[in-house]
Each structure stands twice: as C-alpha cells, then as structure tokens.
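Derivation of every value follows stated rules applied to the coordinates shown; laboratory data play no part. Here the structure is a predicted model, which means the values were calculated and not measured. Note that we place each Cβ from the backbone using ideal geometry, even for glycine, and neighbour counts take in every protein chain shown.
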Amino acid sequence: MSKDKDLLASISDTSDESEFFSPMPKGYRKGKARYCFVMGTVMSGLGKGIFSSCLAKLMQDKGLKVAPIKLEGYLNVDSGTLNPFRHGEVFVLDDGMECDMDLGTYERMLNQDLSKANFATSGQIFSSVLYKERHGDYLGRDVQMIPHVTGEVTLKLRQLAMESDADIVFVEIGGTVGDLENAYYIEAMRELAYEEGPNSCCFVALTYILEPKTLGEQKSKAAQLGIKQLMQCGIQPDIIACRASRPATEKVRQKISVYSNVPFGRVISLPDSASIYMIPAMLREVGLDFEVARLLKIEDRIKLRKERKAWAKWCDFTDKIGSADRQITIGITGKYTSVRDSYASIINALEHAGIALGCDVKIKWIDTSNLTDKNAAESLKDVDGIIVPGGFGTRGAEGKIACIKYARENNLPYLGLCLGFQMAVIEFARNVCGMKQANSTEIEPDGPEPVIDILPEQKKIEGLGGNMRLGGKDIELKAETMAWKLFGKADSVRMRFRHRYEVDPRYIERLEEAGLVFSGKAPNQPIMQILELPSHPYFFGTQAHPCLTSRPLKPQPMFVGLVAAAMR
Ligand code: GLN
C-alpha cells in the first residue's frame, strides 16, 4: 500500500528531475472513476458514438454515474465553423458549446445534458498547451507531444471525472486507429491506463468485417490488421465489437479472438440495426454490460433494483418502435444531399414524436431552389406537414417562403425552426401585412423592409466562430396562447439557440396587429422566440432549435404537436 502511494506521488511529480509528468486536478482520487475507451479500426463511420452511448446507457441504468466525452482529431476549437453538409449537423449544448453531432446521440441516449467538458478537439488541447507554455507553466522544460500534450488529454479526462463525479467516463476517440490526427489521443489512453493501474480502464475496439459480394463470405483480415495496429500502440483491447451488415460468423469471431488475445466471449457481433434504440438490448443480450463491470471491478456499485425499473421503462419505449398503425409524411425543405446527418436532430425529434403517437413519420425532402407560388401545390401535394429547418445564407429562400405561404393559406401544419421562423415572419409581413419588400438583411443587406435584422449584440462582433447567440435560453410563454398550452401551461421553457438574426423589434407591433402572435419571448429582451397563428390548426415557428432537446423518453412538444396535427 505505502509502496503504491509512493509510486502515485512520484507520477504526479512535475519537477525537471523526474521523467514522470502527469498533471492532476486538485483533489483527484485515483480509482474513484473508471474509464472505458471506445475506438475504431479499419474505417470511420462504424458508429462509435452510438455504441459508446448505448453501453453508457446500460451502465447508467445500473445506477452508475456516467460521463461521456468525445475526443476529436481536428484542429478547430469547436464545430461552429464546420460545414454541416461535410461533417454532419453542428450540435449545440446548453452552455453554448458547438460540437459534434455525436454529443446529441449521448444526450438522447442518456437523457442527460452535457457541457463543454464532454467535448475536446485537438484545437482545444493544443491551444491550452500553448497557453501554458507562454505562461511558463512547464518550468523550463521543452514542451513535447509526450508527455505534455498527452498529459493535457489525461488532465481533461480526469477533470471530467471529477466535475461529473462519474463512476465511469466513456471516452470516444474520433477517427480511426492509425490516423496521424488521433495518434496522441491513443498514446494518452495508454498512459492513463498505466497511471491509473489495473482494472481502471477498459478498451473497446470497434472493427468492420468485410463481406465482398464476389466472395459471398465474411473476411476478417482487415479487422485483424486494424487490431494489430492498436496493439502496436501498446494497447491490448479488452472487447472487440465486430460491425457488419450481417451478424459476424462464429468463424470470423474465432479468428479475431486468436489474433488479438481477446477471449472469444468478448469478441461480439454487432450487425446493422434498424433503430439505434434497439442496440442497448443487443449489447445486453451478449452480457457486455456485466463484462465491462467485471473488467472495471465496479460490480459493487451496481444497483439491480434501479436497473430493473430503468430497463422496463426503456422497453416500454422500444416496444413501440415499428408497431405504428398510422403513417404520415412531413416535408422538410432542404436539399437531400445524401448527408442525412446534417438534419440528424430533426429526424430524431420526428421519430420520437412518431413513436409516442404510434405513427410512422416519413420524410420527404423538398428542394426549394425552383419552387414558386405557382408550383408549390404540386410539390406539397403529398405531405401532411412542413418543416423549414435552420440554415444560413440565401439559397432557396424564396422557395421556402412560397412553401410557408402555401402552408398558411391551406391549413397545412407548419413548424419553422430558426431560419424557418424568420422566413415565416417575412412571408407574413409580405402577404398579410402588405410589406411587399419585407426581407432579412442576411438575404438582402440593404432592403427597404428589414423585418429580420442582425441582433444588436452581433453588430460589433467580427470574425466567424463561437460568436452567435448560442446555447440554452429561457423563453417566457404568453398565457392562454397555443404555445403555452402545448408546453403544459408552463410560464417558461428552455430551448437551445444558434442564430445571428432576429425579428427587428420595430416591426413587432405591425405584425401582431395583423394577427401574428409572438407567444414566446426572451425575458428582459425584445427578442421574439416563438410565433403562432391562432386562426390556423398548427402554425408555429421558433427562433430556437427545439429538435436539439428532444429525447426518446421525453419527445419535444413542438414536434409532437406537429405530428399530431399532421395525423388529423
Ligand atoms: N441564419 C439565421 C441566423 O443567423 C438562422 C440561423 C439558423 O437557422 N441556425 O439568425
């Protein structure tokens, strides 16, 4: 014991005589939190985030506190400046962090709000190291990838463990083993496992089993090579999850087991699943949850009674998947560019609402570049409701406005999200208030009727990145409005925002006199956040992104309302 203590003390020593460098947050206790690392081999896109969130969910069900973190390889400090059509949607956390869409998967699966502590990029890690270097924090040492940059990574993980008081920190490493970008993350995991000691860390490698059409059988070589590469980094995986379109055969799993030193029972098959919400059951079936608990020697913290309850609740939800007896189609204006990912949260929110109402929600993507008042009816003839989602820039704006006009005049359920809220204001101003030239200054900078204009706080900001009105904000609801009823007659609700423009307060009175109701506003600021049309069966817009906070067990009311209205 005392020997152990000495070793621990020496590891924390940062003096220049010692080769040990391992910055720890103050008060950090080794052994309190355990770490489960999830990484991918062979290729990207294996669903590491989905896997990790499902496994974390199973541990959370057992009464354990879990804290996920995603480590991104790119040098951007956050995801705010990334193009969603390249990288998937930008997910916004309550504290305003703009991050990878995987954080959305974690929030939904765990029904837990995350923060900037749950997301790191190489940009953040390097900025922090360079900042410390300029402040002389490295005590005259040459600052190196190992141990200083890797030390920054382990510090971040330990900080998360402490702040969240987690039993298990789930660490997802972005990219693929072998990438130059994430090599130092992998080295940092190795160091952390060494420093924390036996049974503190568990390594899960996701891999892919090829099945070339011409051969008609599964091949494990690529998977073997991928795992080998990981072992060359000094990491012995504890669990290997074989992703494939079909279940991995016993033979393939045996081969992988032999080549990787991983017991056969811990080489599991993880075929494609129709719904990600079915994956926790798949992992449970092969006993992966208890396997992880055993590997981390954390069984004594498990609360079985809690687990039974949580699991029953979850199964109530998953039992409803795929058993809908109704079907509707929601049109979403957006060019379907094979990147479904750019609208991931909206698709999820519609799914949650549909499952809650026993309705299968189909999506029709509507390209608005050539849509006009003349052909709107034709383009929208087979949809039961419309969403105009968030977006930036001018592409397809007039077509979106034509869609909204059609929805308003034909009692078609409508939900406008952020940009879709702004477009609804423009449509109403033009076609109801008679301000024919109404527009947004984002689209027409010097237009005569700028009903949508840049937020005053935004005018002084220069440069892109992290500078919008961001994150969770309270919305004051106006009593007796449809929104107020939709949210269970609450005085206020909280939603997440990401915008630079707003309704110009000078136009509010004119819009309201003509029948538009702003039923949600920012407290103490004239920022309009929800609009509705009382004369319409379901016409809502919100400056927020309600899709970001929809959860499988807690579907978001504006989406539930839309699907319900579309069913009518
Ligand atoms: N482009 C609009 C704005 O900046 C809408 C933003 C959005 O839809 N996220 O306000």
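Computed 3J(HN,Hα) for the range 54-70, one whole-Hz value per residue from the Karplus formula 6.51 cos²θ - 1.76 cosθ + 1.60 where θ = phi - 60°, is 5, 5, 4, 4, 4, 6, 5, 4, 7, x, 8, 7, 10, 9, x, 9, 10, glycine and proline marked x. The range 170-260 gives an Rg/Rh value of 1.01, both radii derived from C-alpha positions and Rh following Kirkwood. For MET145, neighbours were defined as the other residues whose beta-carbon sits under 12 Å from its Cβ, and their charges (Lys and Arg +1, Asp and Glu -1) total -4. A Förster radius of 30 Å combined with the Cβ-Cβ distance from ASP113 to GLU181 puts the calculated FRET efficiency at roughly 0.60. In terms of its alpha-carbon gyration tensor, the range 288-355 comes out oblate; a/c meets the 1.5 threshold, while b/c is at least as large as a/b.
Under unit Cβ charges (Lys, Arg +1; Asp, Glu -1), what dipole magnitude, rounded to 20 debye, does the chain have relative to its Cα centre?
Here the size comes out at about 1540 debye.
Placing dummy labels 7 Å off each Cα toward the beta-carbon, the span from ASN199 to ARG568 is 5.9 nm.
Here the range 71-151 is described by how far its Cα atoms reach on the three principal axes: 45, 27, 20 Å, from widest to narrowest.
Placing +1 on the Cβ of every Lys and Arg and -1 on the Cβ of every Asp and Glu, with nothing else charged, gives the range 290-336 a dipole about its Cα centre of roughly 220 debye. Annotation: peptides 292-304, 185-197, ranked by per-residue average of other Cβ atoms within 10 Å with the highest first, follow the order 185-197, 292-304.
Per-residue 3J(HN,Hα) values for the range 160-176, derived from phi via the Karplus relation 6.51 cos²θ - 1.76 cosθ + 1.60 with θ = phi - 60°, read 4, 4, 6, 4, 8, 6, 6, 7, 10, 9, 9, 10, 9, 9, x, x, 10 Hz in sequence order (x marks Gly and Pro).
Each peptide among 249-258, 69-78, 410-419 gets the average number of other Cβ atoms lying within 10 Å of its residues, and from highest to lowest they stand as 410-419, 69-78, 249-258.
Close amide-amide hydrogen proximity is noted between ARG326 and ASP360, each under 5 Å apart and 5 or more residues distant or on a separate chain (H modeled in the peptide plane; Pro and chain starts excluded).
Charging the Cβ of each Asp and Glu at -1 and of each Lys and Arg at +1, and nothing else, the dipole of the range 423-568 about its Cα centre rounds to 680 debye.
Normalising the Debye intensity of the range 314-441 to I(0), with uniform scatterers on Cα atoms only, and taking log10 at q = 0.13, 0.14, 0.22 Å⁻¹ returns -0.55, -0.63, -1.31.
Using the number of other C-beta atoms within 10 angstrom as an exposure proxy, rank SER22, SER115, SER440, SER323 with the fewest first. Don't jump to the answer; show the numbers that get you there.
Details: SER22 21, SER115 17, SER440 24, SER323 9.
Placing the least packed residue first, the sequence is SER323, SER115, SER22, SER440.
Think of the range 457-567 as a dipole: +1 on every Lys or Arg Cβ, -1 on every Asp or Glu Cβ, centred on the Cα centre; then among SER519, VAL493, ASN467, ASN467 lies furthest on the positive end. Ranked by the mean number of other Cβ atoms within 10 Å of their residues, highest first, the peptides 165-178, 366-379, 136-149 fall in the order 165-178, 366-379, 136-149. Note on the chain: Cα Rg divided by 2.2 N^0.38 Å, N the number of residues, gives 1.05.
Using a Förster distance of 35 angstrom, determine the FRET efficiency expected from the C-beta separation of ALA324 and GLU378, and round it to 0.05. Efficiency for this residue pair is about 0.80. Across the options VAL292, PRO263, GLY334, the greatest Cα extent toward the positive end of the charge dipole of the range 256-338 (unit charges at beta carbon of Lys, Arg, Asp, Glu) belongs to VAL292. Think of it as helices only: each DSSP H run of n ≥ 4 in the chain is worth -39500 (n - 2.57), and spread over all residues that comes to -10500 deg cm²/dmol at 222 nm.
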